[in-house]
Amino acid sequence: MFGRSLLQPHGIWDEMEQLQRGLSRILSDEPMMRTAGMPPINMWSDEKGATLTAELPGMTIEDLEISVLGSALTLKGERKPDEHKDASWHRRERGYGKFTRTFELPFRIDAEKVEATLQDGVLRLSLPRTQEELPRRITVKGS
C-alpha cells in the first residue's frame, strides 16, 4: 500500500527527522520575532465595545504604538533582545524584534475613549463603540 521507501531504514521517516532538525536549528538561530501571531492576543466584544489583551513580557509603554482608524486597531512595537555578552545560549524561544498587528472590528471604535494599560507584561485595551454604533432600544407605540 505504501511505497517501499517507508519500510526502508533510511526512508521517509529519516528524511522527516532530518528536516525537523534542520528547521529547529534555523528557527532557534532566527534573530527576529516570529511575527505570525506575535504578540499573542485575546479579543472579545459585547454591545458596548471590545476588549483586547496582549502578552508583552519585558516591554514598556515606550516600546508600543497603538492607533485606531475607524474600525481598525493597529498595535506596533519592538521587543528588545536579551543581551548576555560572554555567555552561550542553550535555548532561545522568546522572540524579539519589531511587530505590527492590525485587527478589523465589526464596528467603529471611539478613539477618544480608548483606554490602554500595561501591567505585569499584559496590555489591556478597552475599545468602546462609537455612539452611532451603540444599539438603541426602539419604543413601540400602540394605537
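Derivation of every value follows stated rules applied to the coordinates shown; laboratory data play no part. Not measured: the values here are computed from a predicted model. Neighbour counts run over all protein chains shown; Cβ positions are idealised from the backbone, glycine included.
Brief remarks follow.
- The mean sequence distance of close C-alpha pairs (under 8 Å, at least 6 residues apart), as a share of the length of segment 59-123, puts its relative contact order at 37 percent.
- Net charge contributed by nearby residues that have their C-beta within less than 15 Å of GLU104 (K/R +1, D/E -1): +2
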